[in-house]
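To start, I am sharing the structure in question, which I have written as C-alpha cells.
The values are calculated or read from the model by the stated rules, or taken from the named source; none is laboratory data. Keep in mind that what you see is a predicted model, and the values were worked out from it rather than measured. Cβ sites come from the backbone with ideal geometry, for glycine too, and all protein chains shown count toward neighbours. Remember, those area values only see protein heavy atoms, side chains included, never the ligands or the DNA or RNA. Shrake-Rupley method; radii C 1.70, N 1.55, O 1.52, S 1.80 Å.
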Amino acid sequence: LINQSSSSSFTADEEFDELCFEFGLELDEITSEKDIISKEKGEEKAKGASDVVLYKIDVPANRYDLLCLEGLVRGLQVFKERINVPRYEKIIPAEGEGQKLIITEQTVQIRPHAVAAVLRNITFTKERYESFIDLQEKLHQNICRKRALVAIGTHDLDTISGPFTYTAKAPSEIKFKPLNQSQEYTASQIMDLYRNDSHLRHYLSLIENKPRYPVIYDSNGVVLSMPPIINGDHTKISLNTRNVFIECTGTDITKAKIVLDIIVTMFSEYCEKPFTIEAAEVVYPNGKTHIYPELAYRKEKVKPEVINKKIGISETPSNLAKLLTRMCLKSHVIGNGNLLEVEIPPTRADVIHACDIIEDAAIAYGYNNIQMVIPKTYTIANQLPLNKLSELLRLDLAAAGFTEALTFALCSQEDIADKLGMDMSATNAVRIANPKTAEFQVARTTLLPGLLKTIAANRKMPLPLKLFEISDIVLKDPNTDVGARNYRHLCAIYYNKSPGFEIIHGLLDRIMQVLEVPPNEENGYTIKATEGSAFFPGRCAEVFAKGQSIGKLGVLHPDVITKFELTMPCSALEINIEPFV
C-alpha cells in the first residue's frame, strides 16, 4: 500500500495506473484506511480512520526490490529516465574499526547461517521508519517463508558494542527484555508470553521443540535478538536512531544474502552519503571470515538478435540497451554491435538467466507495442472428442427433462464406501495425503454420492427431482505414469414418491438411441440382472455395450437412501461413456 498525500485527481490516478501497467505492475485498487475498515468491519468502526488515499499495487513475487516505496519509486524514476541507476557502494572500515559477528558451533543444528551490515548516519522520519519495518515484514512473509528460511533483526548500533556473538543456549539460560515489554523473561517464558499473540505465535514452532534456542549477544552480554521470534527491547530502533546494525540469521545462506542486500540497498539512500553501506565481518565456527553485504554486481552478455527474435520485434542494439537500462539493468553495446553487456545489480536477485533479461526488455518496449502476427505454423484446433461427446450428451439429457449438477471431484471416504455399502479397500480410490477437511479425503470413484448429496441439499424443491452429471471419476492404475486414471462417467438420478425405475431405464434407452447403439447383443447394448451393494436386491441391472460392462442401473437400497439423509425411493444410472467416443 502506498500513501498519496495530495488530493487525488482522476486523471493523475489514471496516469499512475497506466505507468504501473507499462512497468509490468498492476494498480489493484485506490482506497483509504477508512474504506478498508468500513468494508471489513462496518462504518461504525471506521469512524476517525484516515482518509489519506492509498494505492494498492500488485507486485510480482520475484521482485523483492519493489516491496517498499523507496524501491518502487526508484524503479519508476529510472524507468521514466528521470534519474540514473544508482551505484551501491560497500565501504570496508579500517582494520579493527568495523563490526564483527562471531558464529559459534552451537548454532549448526538450529539456524547455522548469519550475515550482517551497518547503515551509517541514516536519517529516519515517521514515514521512512514505517516503510523500513514494513519491508522487513513483507520479506519475512515472502522470500523468508514466514521466517523459516531467514529472520531479520535491526538494531540501534549506538546502544550496543561489538563484537557480537551468534550462539545457541538452553531456553532457561536466555533472559532478556523482549521488544515493547516492561520486564525481563527467560526464553521459555517468552514462548508462553507470545503463544496467544496473533502475530508472533505462528513463528514459535520454528524453534520451540529444539533443545537450544538461537540468540545474539553484544560484547557486554546484552541480548540483541532471539531469532526468529523477537528482538530485545534494549536495541530498539527509534526516529532518532542514526546507525543501524542489521543481522539476518537463517537456514538458507543464499536467501539470507539476498534479504540483506535488499534491505541495505533500499534504505541506504537515507544515509549521509547516499547508497553507501558499511560492511561487517562474519566469523564462522571454523575460523574463516567473510565480509557482508556482498552487493555483487555481475555482467551477462546477450545477443540483440536473440532478444528481438524472442519478443518478436526488430530494435537496434543501442535501443535495446536503452530499454534494459530503463529497467535498472545498465547495458551497453560491445563488439561490432552484435553483443549487449548487461550489468545485473545486487537488487535484482530475480535475474538468473538470459530469458529474465529478455522479459525486462519486453516490458520496457511495452507489450501493447508488440505487433501481433499470425504464427508461421498452420494448425487447426479441434475439440477433444471425449469433451465433444460429453457436450452433446448434456444437451440430450437436459432435453429429456433432467437438470445438470456439478459436484466436487473430492469427497469423504464414507461417501464412496460406507454409505454405498462397500468396503474402502474395494473402492480402488486415490487418497489425499493431508486432507484439510473430512469432506475432501479421496478422489471420487463414482458420481452417485455427489448427486445424492445435491438432492439432500434440495429436499424442499418440488418432486420429482431429476438430476444428471457427466464428469470424471478417478481410479488407481499402476500402469499409468501417475498411478491413477480418469474415466468419464454419466450418472442420472430420479427421486420421487415411487422409485421410477422405468424412467431411468427409459433414459438409458434414449442415451443409446442418440448414440446410435441398437438394443441387441451383437453390436449393441443389453442389460442383465445383477446385484450391487448400493442397489435393492432384485432391482439392479448391469449394462453391457461394445462387448464390455459399462455400468449399472437400478433402485437404490433403503440403507443408502437413509445414510444420505433422504426419505423417498430413488433410482439411478451410472455408465462409462468412453467406449462410445
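Which of the residues that make up the stretch 551-561 are under 44 Å from the mean Cα position of the chain (by Cα), open to solvent by 10 Å² or more (accessible area, probe 1.4 Å) and of a type outside the set (Asp, Glu)?
Gly551, Lys552, Ile561
Does Glu95 qualify as being surrounded by fewer than 19 Cβ atoms within 10 Å (Cβ to Cβ), modelled with pLDDT under 90 and over 31 Å from the mean Cα position of the chain (by Cα)?
yes
If you don't mind, another one. From the list Leu490, Leu507, which residue is hydrophobic (A, V, I, L, M, F, W, C) and either assigned to a strand (DSSP E or B) or at pLDDT below 90 (or both)?
Leu490
Could you tell me whether the stretch 498-511 includes any residue that is within 30 Å of the chain's Cα centre (by Cα) and in the same structural domain as Asp396 (by the TED database)?
No; the residues of the stretch 498-511 include none that is within 30 Å of the chain's Cα centre (by Cα) and in the same structural domain as Asp396 (by the TED database).
Follow-up. Counting just the residues of the stretch 215-236 that are in a strand (DSSP E or B) and not polar (S, T, N, Q), which one comes out farthest from Arg201 (Cα to Cα)?
Tyr217
While we're looking at this one, here's another question. Being of a type outside the set (Lys, Arg), crowded, with 16+ Cβ neighbours inside 10 Å and at pLDDT 90 or above narrows it down to one of Ile83, Ile37, Ile102, so name that one.
Residue meeting the stated conditions: Ile102.
Say whether the condition of being more than 23 Å from Pro274 (Cβ to Cβ), crowded, with 22+ Cβ neighbours inside 10 Å and touching a residue at least 12 places away in the same chain (Cβ under 8 Å) is met by at least one residue in the stretch 121-140.
no
Out of Asn428, Asn434, report the one residue that is more than 17 Å from Glu404 (Cβ to Cβ), in contact with a Lys or Arg (Cβ under 9 Å, 6 or more places away or on another chain), assigned by the TED database to the domain that holds Phe402 and not in a helix (DSSP H, G or I).
Asn428
Mind listing whichever residues of the stretch 436-486 are among the small types (Gly, Ala, Ser) and in contact with a helix residue (DSSP H, G or I) (Cβ under 7 Å, 6 or more places away or on another chain)?
none
Between a first residue in the stretch 406-435 that is within 15 Å of Lys563 (Cβ to Cβ) and hydroxyl-bearing (Ser, Thr, Tyr) and a second residue that is open to solvent by 60 Å² or more (accessible area, probe 1.4 Å) and assigned to a loop (DSSP other than H, G, I, E, B), which pairs have beta carbons less than 7 Å apart while being 6 or more apart in sequence or on different chains?
Ser412/Ala438; Ser412/Glu439
To continue, here is another question. Need the failing condition index for Leu320 against (1) surrounded by fewer than 22 Cβ atoms within 10 Å (Cβ to Cβ); (2) in a helix (DSSP H, G or I); (3) not assigned by the TED database to the domain that holds Phe132, just the number.
(1)
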